[in-house]
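The values are calculated or read from the model by the stated rules, or taken from the named source; none is laboratory data. Here the structure is a predicted model, which is why all the values come from computation and not from measurement. When we count neighbours, we look across all protein chains shown, and the Cβ atoms used for this are built from the backbone with ideal geometry, even at glycine.
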Amino acid sequence: MMADMGMRMDVPWSGADVFFTFAMWAVMMVGMMAASAAPVILLFAAMYRRRRPHGWPIVVFAFGAGYLLVWIGFSAGAAFTQWALHQAALLSPMMKTSSPRLAGAILILAGIYQLTPFKGACLTHCRSPLGFLMSRWRDGIAGALRLGIEHGTYCLGCCWALMCVLFVVGVMNLVWVAALAIVVLAEKIAPAGAIVARVAGIVMITAGVLAWSTTL
């Protein structure tokens, strides 16, 4: 598939290859996070419209743009990570790691993070953003952009470990992309979202141990 798209996995990547990978990650991140970001964007829009009835659409756009900037930054880091894996001959044509040990390590570390208090704090913020918006409210386009970046940073802290699973299953595997998007959405809006996060962490750790054990 990657060969059909013009990327050779057996030769060094060009700048165009790295950019293509970044664009692929960016599109995936925007698509995966859109559903879970929609409630807070709508909440921000309602609050701003009550405060400032005029000119609110562009301010809401700035808030959303700030949120997306965080995930675009993550996409750039992911693309360079995959470029490094390719340079080390650890990347398959499906854009996933070809090393079972590395795959296991990624899953174990990501799963452990799912169980940490930091993950819990970020998830709590994402599940209840009203307090954040009220306490850090800023008027104007620049204020909305900054607020969007701050919220996006919390969201990144909540979800980056789940996104790292794509290094194991392949960023081009649309079934897994959809499955992870559902997990992210369930964590943020389901009544038992915190439990979903812990269960996902345990599953990731178990899968990582199994992947590691195949190399012994």
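Matching residues to (1) among the β-branched types (Val, Ile, Thr); (2) over 17 Å from Ile205 (Cβ atoms); (3) without any contact (Cβ under 8 Å) to a residue 60 or more places away in the chain:
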{"residue": "Ala79", "(1), (2), (3)": "no, yes, no"}
{"residue": "Ser92", "(1), (2), (3)": "no, yes, no"}
{"residue": "Leu107", "(1), (2), (3)": "no, no, no"}
{"residue": "Tyr113", "(1), (2), (3)": "no, no, no"}
{"residue": "Ala121", "(1), (2), (3)": "no, yes, yes"}
{"residue": "Pro129", "(1), (2), (3)": "no, yes, no"}
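For segment 179-216, give me the residue count where each residue is outside any helix (DSSP H, G or I) and touching a residue at least 60 places away in the same chain (Cβ under 8 Å).
Matching residues across segment 179-216 total 2.
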**Asked** Of all residues in segment 133-184 being of a type in the set (Phe, Trp, Tyr) and farther than 26 Å from Leu91 by Cα, which is modelled with the lowest pLDDT?
**Response** Trp137
**Fill in**
A careful count of residues in segment 116-127 that are aromatic (Phe, Trp, Tyr) and part of a loop (DSSP other than H, G, I, E, B) gives 0
**Asked** Does Leu109 qualify as being surrounded by fewer than 17 Cβ atoms within 10 Å (Cβ to Cβ), more than 22 Å from Ala23 (Cα to Cα) and within 18 Å of the chain's Cα centre (by Cα)?
**Response** yes
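Looking at this structure, is Ile41 closer than 22 Å to Trp212 by Cα, within 19 Å of the chain's Cα centre (by Cα) and of a type in the set (A, V, I, L, M)?
The answer is no for Ile41.
Residue-wise test of (1) of a type outside the set (Ser, Thr, Tyr); (2) surrounded by fewer than 17 Cβ atoms within 10 Å (Cβ to Cβ).
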position: Gly15; (1), (2): yes, yes
position: Ala38; (1), (2): yes, yes
position: Arg49; (1), (2): yes, yes
position: Val60; (1), (2): yes, no
position: Tyr67; (1), (2): no, no
position: Ala84; (1), (2): yes, yes
position: Leu91; (1), (2): yes, no
